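What follows is a single structure, written as structure tokens, with notes after it.
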Amino acid sequence: NGIPTIMWISGIFFTQAMLTGAMQNFARKYTKPIDTIQFDFQFMKKGAVEKKSPKPSDGIYINGLFLEAAQWDNDKMELAESSPKVLFYDTPVIWLKPCEIKDLSKFSHYACPVYRTSERHGMLSTTGHSTNFVMFLKVPTSLDSGHWVKRGVAMITQLDD
């Protein structure tokens with residue numbers, strides 16, 4: 001049935017290739033140099049995007065990420081403190097919107113690292129990419145980003161258990 005509306009990012013073996021492909025599609029569509037393109041991020045309200053929803057005109061919807069050391073507040077649409085004894089939370093669907101760097105939206109955010117595993121370290125592969133780090137994702141927050149750094153907030157694509 002073609003490319004799914006929502007990409008399950010945890011199921012992609014070489015995540016960087018998928019992300020680069022999404023940026024290349026945008027760059028070719030609008031004849032822009034790819035080195036001037038970056039992702040903007042929009043966290044979608046619960047139920048706003050489903051499997052049968054239309055695909056975005058640019059970029060991709062992703063799901064399958066887990067927040068560690070924080071949770072997502074669906075009402076305020078921002079990061080929130082985690083509940084006691086809860087280690088991981090599902091994230092909502094996230095729209096990765098390629099755009100020119102000069103057009104990136106400006107909002108209070110935490111540059112959240114995304115890793116494949118909870119180990120949070122990897123080795124550089126022959127392609128120059130880390131075997132574990134995926135990217136930084138701008139997550140809306142009303143608190144200073146240092147607050148989340150001190151808590152070690154990160155996203156991972158797969159849980160250990």
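Observations, loosely collected:
- For region 1-142, the solvent-accessible area with a 1.4 angstrom probe is 59 square angstrom per residue.
- Degrees separating the helix 15-29 axis from the principal Cα axis of the chain, which is the longest one: 40 degrees
- Rounded if a/c under 1.5, otherwise prolate or oblate - region 34-114, Cα gyration tensor axes: oblate
- Where Leu87, Leu104 fall by accessible area, highest first, once all protein chains stay in place (1.4 Å): Leu87, Leu104
- Prolate/oblate/rounded label for the chain (Cα gyration tensor, a/c 1.5): rounded
- Förster radius 22 Å - calculated FRET efficiency between Thr131 and Ile34, Cβ distance, rounded to 0.05: 0.40
- Evaluated with a Cβ-only charge set (Lys, Arg +1; Asp, Glu -1), the chain carries a dipole of roughly 400 debye about its Cα centre, given to the nearest 20.
- Listed residue pairs exceeding 27 Å between alpha carbons, taken from Lys51/Lys106; Lys55/Lys102; Lys51/Lys150: Lys51/Lys106; Lys51/Lys150
- Sulfur and carbon atoms: percent of accessible area, the chain [1.4 Å]: 56 percent
- Extension gain, Asp103 to Ser142, is 11.9 nm, computed as 0.36 nm per intervening residue step minus the present C-alpha separation.
The values are calculated or read from the model by the stated rules, or taken from the named source; none is laboratory data. Because the structure is predicted, anything quoted here is derived from the model rather than measured. Neighbour counts run over all protein chains shown; Cβ positions are idealised from the backbone, glycine included. Surface accessibility is based on the protein's heavy atoms, side chains included, excluding ligands, DNA and RNA. Shrake-Rupley method; radii C 1.70, N 1.55, O 1.52, S 1.80 Å.
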